[in-house]
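Let me begin by presenting the structure, written as structure tokens, before commenting on it.
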Protein chains: 2
Amino acid sequence: MANKQGKLIGSVQRALDILDVFNARNPELGTTEIAGAIHLPKSTVAGLIYTLEVNGYLEQNPENRKYRLGYKLAERAGLFLNQYDLRRVAAPHLLALRDACNESVNLALRRGSDMVYIERMHGTNTLGFRSEIGKRERVHSTALGKAYLAFLPQPEILDFVAHHDFEPLTQNTITDAELFLADLACVRERGYAIDDQENELGGRCVAAPLLNFDGRPVAAISISVPLQRMPDTRVAELGELVRRTAAKISRRLGLPHENVG
Amino acid sequence: MANKQGKLIGSVQRALDILDVFNARNPELGTTEIAGAIHLPKSTVAGLIYTLEVNGYLEQNPENRKYRLGYKLAERAGLFLNQYDLRRVAAPHLLALRDACNESVNLALRRGSDMVYIERMHGTNTLGFRSEIGKRERVHSTALGKAYLAFLPQPEILDFVAHHDFEPLTQNTITDAELFLADLACVRERGYAIDDQENELGGRCVAAPLLNFDGRPVAAISISVPLQRMPDTRVAELGELVRRTAAKISRRLGLPHENVG
DNA sequence: GGTTTTGTTCGATATTATCGAACACGATTT
DNA sequence: AAATCGTGTTCGATAATATCGAACAAAACC
């Protein structure tokens, strides 16, 4: 993004690559597997793994000698999340919103081409409890992303569509720049964004942006509902609800200094 | 704590040191401040910071050019937390426990000399939210830690007291090894541990361990209450409650393979 | 507008991470 | 039980590469 001509530190980059190898399908990996995944000799990754392990970013399962992500990540992540007053301000309103519709509600920041969840509350029926905080989804395929984007200054919007890869995630994903801009215009007009299975089949969402004193979006909130419980009539109803809730939170956001994220 | 003769990779260690410089009191730091904190030249940390930033572990506040922890930590932490079936199994019981006493309830793993929170639910009055997941507290000064420790095999307990630094956190913290062992015996007898302002003034906790099929502790749960709402009579009441809840969860923990943490 | 603090650039130096082969350990198989 | 397979670990030589300090540039401050 910037013209900052920085130099990457090789071994640090490789260490971070190791952390990225882990995912939901591969929560535990051995040294050889990790070495294979990042195309480095075993002995090299051994040292990197050891350093990460000593610092708590990896931990070894004594039963199978494999490694998994460590507690230190949770510790540091807690600090990351607490930086955002936003979360504290929004929490009671999200709770009320959740209770009003009894569906999952979300709060997310934009980070580049992704929206990152920083708070999530599920309806009473769904007892998933998976901490999906930190999860990322694309800007262009989510109601969250479209709500955020729609209220940016026009030049930034155009810059986004010019440089963004509109990867189709379902057959409903908007991949055409013109159509996307038209959709954003609709979002502005009606005050909330709609995702009709554009990010995931069987899922519908409505979302609205949180604006600071300047009118600039700093985050977005959404309600996500399985298709079965989300007929067209309810889309408008929940859309209005999320829009009003977002407006209420925005009014509380007299952020004088930072938190613009 | 092993005799594994590993070699630390210097630059990786320094990069991780940078992440550790951030804390609640210093959520944002500039290059010079970071360099001062870890005693390295600015130009060296610049490269490390850049590498961390590119990977999302740090982000720069455009308003003051300072750095703060990045979203990538939350993303990776989500994966860490999801590794523990424990959380999913315990969640409904914790919820019930929370509703039964309307106080904050916690689930924590032991990591070395600390207990690490992996789930936390607050009473309806306290609106604090998930923020404190990942937080660490000492084993010897918390009900969580004492509950966990008390049910370990005796040799491991002795090993712990032999090598642990019983740092006093309040005037109530047990710092004498003999007294500590005596307290653990009480814990075993009554089935739950008590922390009477040993970790923090004004806070009382009761806790009980979660045991796997083997009878080995894998985690602990607790109820933490402000002193004002926790007279001696209620200690016994909530203690029994947390003990019974822990027993219920333990019964569900037929862990055949791992998750021993 | 001048001054101070802060962040960035640059190239020479020597530290230090890398590599591959050989070793040791455990698990699984026959 | 023996043997095999795969895995993780050790080791020293090599060359790559992170480090450093000073000089530069750029904000922030007054």
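The values are calculated or read from the model by the stated rules, or taken from the named source; none is laboratory data. Everything numeric here is computed off the predicted structure, so don't read it as measured data. Glycine also receives a Cβ, built like all others from the backbone with ideal geometry; neighbour counts cover every protein chain displayed. To get the accessible areas, we keep the full protein, side chains included, count just its heavy atoms, and leave off ligands, DNA and RNA. Shrake-Rupley method; radii C 1.70, N 1.55, O 1.52, S 1.80 Å.
A few notes on this one:
- Computed Rg/Rh of the protein assembly as shown, alpha carbon atoms with Kirkwood Rh: 0.98
- Minimum 50 Å² accessible area buried by the other protein chains, segment A:95-119 residues, probe 1.4 Å, relative to alone: A:R111
- A point 7 Å from Cα along Cα→Cβ stands in for B:G30, and the other copies hold the same point at 5.1 nm, listed in rising order.
- Against chain B, whose longest principal axis is taken from its Cα atoms, helix B:85-101 shows a tilt of about 60°.
- Each part gets one Cα centre, and for segment A:28-54 versus segment B:4-78 those centres are 22 Å apart.
- Under the Karplus curve 6.51 cos²θ - 1.76 cosθ + 1.60, θ = phi - 60°, whole-Hz ³J(HN,Hα) for segment A:224-234, x wherever Gly or Pro sits: 10, 9, x, 3, 4, 9, 10, x, 3, 4, 6
- FRET E, pair A:A100, A:H164, Förster distance 22 Å, beta-carbon r, rounded to 0.05: 0.10
- Heavy atoms of chains B and A lose about 5900 Å² of accessible surface on contact, summed over both sides with a 1.4 Å probe.
- Relative to the dominant Cα principal axis of chain A, helix A:10-21 is inclined by about 60°.
- Percent breakdown of C-alpha pair distances by 5 Å bin, ordered from the shortest bin, for segment A:66-219: 2, 9, 16, 22, 20, 14, 11, 5, 2, 0, 0
- Other protein chain C-beta atoms within 10 Å of residue C-beta, averaged over A:80-89: 5.
- Eigenvalues of the alpha-carbon gyration tensor of chain A, scaled by 5 and square-rooted, set the equivalent ellipsoid semi-axes at 36, 21, 19 angstrom, largest first.
- Residue of chain B with the smallest Cβ distance to the axis mapping B onto A, distance rounded to whole Å: B:A77, 2.
- Taking the C-alpha atoms only, the angle from helix A:177-190 to the longest principal axis of chain A is near 50 degrees.
- Rounded FRET efficiency, nearest 0.05, which uses the C-beta distance separating B:R25 from A:N23 and R0 of 51 Å: 0.90
- The A:R252 and A:A37 beta-carbon pair, evaluated with R₀ = 45 Å, returns a calculated FRET efficiency of approximately 0.50.
- Mean projected area of the Cα convex hull of segment A:165-261, taken over all directions, amounts to 6.9 nm².
- Lysine-lysine proximity count for chain A, Cα under 29 Å, sequence distance 8 or more or distinct chains: 12
- Inter-copy label distances for B:V54: 2.5 nm (label point placed 7 Å from Cα along Cα→Cβ; shortest first).
- Protein heavy-atom surface of chain A, 1.4 angstrom probe: 51% of the accessible area is carbon and sulfur, with nucleic acids and ligands not counted.
- Once exposed loop trypsin sites (Lys or Arg not before Pro) are cut out (DSSP; at most 10 other Cβ, 10 Å), longest piece of chain B: B:66-261
- Short to long, the 10 Å bins of the Cα pair-distance histogram for segment B:1-109 hold 12, 32, 24, 21, 11, 1 percent of all pairs.
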